[in-house]
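Asker: Structure incoming, see below.
The values are calculated or read from the model by the stated rules, or taken from the named source; none is laboratory data. Not measured: the values here are computed from a predicted model. No Cβ is skipped: glycine too gets one built from the backbone with ideal geometry, and neighbour counts run over all protein chains shown.
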Amino acid sequence: MSEEEDRDLTIIKARKMKELQKQAAIQEKMKVRKEQESQPRTDMEIISSYLYDRGEEVLDLAKSQFPIQTRAIVRKIVELVKAGEINQRISGGELLALFRSVGMNIRVNTSIRVEDHGKLVSFSDKLKYENEDSTAA
């Protein structure tokens with residue numbers, strides 16, 4: 001064999017090896033995906049995939065303040081998701097409204113922040129500083 005044929009064979013072997021590696025990677029991904037699909041997801045995993053905009057925070061607060069009731073409501077929401085009744089994402093505000101509508105008054109830490117000279121400060125601090133400035137004058 002000539003040197004040129006050896007080089008061609010090397011290139012062909014390298015291409016074939018690369019193609020086989022790609023196929024192996026694809027098969028591995030499919031295997032992992034099938035394993036994940038076969039493992040039953042918990043109710044919390046299912047509902048977490050539907051939450052956005054502070055939804056996780058509201059759910060965590062509900063679990064800490066009303067654990068038994070929260071589990072029951074989450075179970076019902078997951079049933080509705082699986083049945084196709086709920087097919088859109090749930091915001092934190094919507095979840096909070098749902099909990100409050102069934103009598104669970106979840107306490108959420110809130111703070112109002114306003115811009116003051118290019119910085120965000122709490123509303124209470126801003127009022128305090130304005131009060132101090134007006135009394136000092």
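Asker: Which residues, taken from segment 52-70, are touching a residue at least 24 places away in the same chain (Cβ under 8 Å) and more than 19 Å from the chain's Cα centre (by Cα)?
Answerer: Once the filter is applied, which keeps residues that are touching a residue at least 24 places away in the same chain (Cβ under 8 Å) and more than 19 Å from the chain's Cα centre (by Cα), segment 52-70 yields GLN65, PHE66, GLN69.
Asker: Given the conditions (1) closer than 23 Å to ASP43 by Cα; (2) loosely packed, with under 14 Cβ neighbours inside 10 Å; (3) in contact (Cβ under 8 Å) with a residue 12 or more places away in the chain, report the number of the one that SER91 does not fulfil.
Answerer: (2)
Asker: Please work out if ASN109 is at pLDDT below 85 and either part of a helix (DSSP H, G or I) or in contact with an Asp or Glu (Cβ under 9 Å, 6 or more places away or on another chain) (or both).
Answerer: no
Asker: Return yes or no: is GLY55 in contact with a strand residue (DSSP E or B) (Cβ under 7 Å, 6 or more places away or on another chain), over 30 Å from TYR129 (Cα atoms) and not basic (Lys, Arg)?
Answerer: Answer is yes for this residue.
Asker: Please verify whether ILE46 is modelled with pLDDT under 90 and at negative phi, treating the condition exactly as stated.
Answerer: In short, yes.
Asker: In addition: Of all residues in segment 86-109, how many are closer than 13 Å to TYR50 by Cβ and over 21 Å from the mean Cα position of the chain (by Cα)? Break it down stepwise before answering.
Answerer: First pass over segment 86-109, keeping only residues closer than 13 Å to TYR50 by Cβ: 86-92, 94-95, 98.
Still in the running and over 21 Å from the mean Cα position of the chain (by Cα): none.
Residues meeting the conditions: 0.
Asker: If you check GLU94 against the conditions, is it at pLDDT below 90, in a helix (DSSP H, G or I) and either of a type in the set (Gly, Ala, Ser) or farther than 30 Å from TYR129 by Cβ (or both)?
Answerer: no
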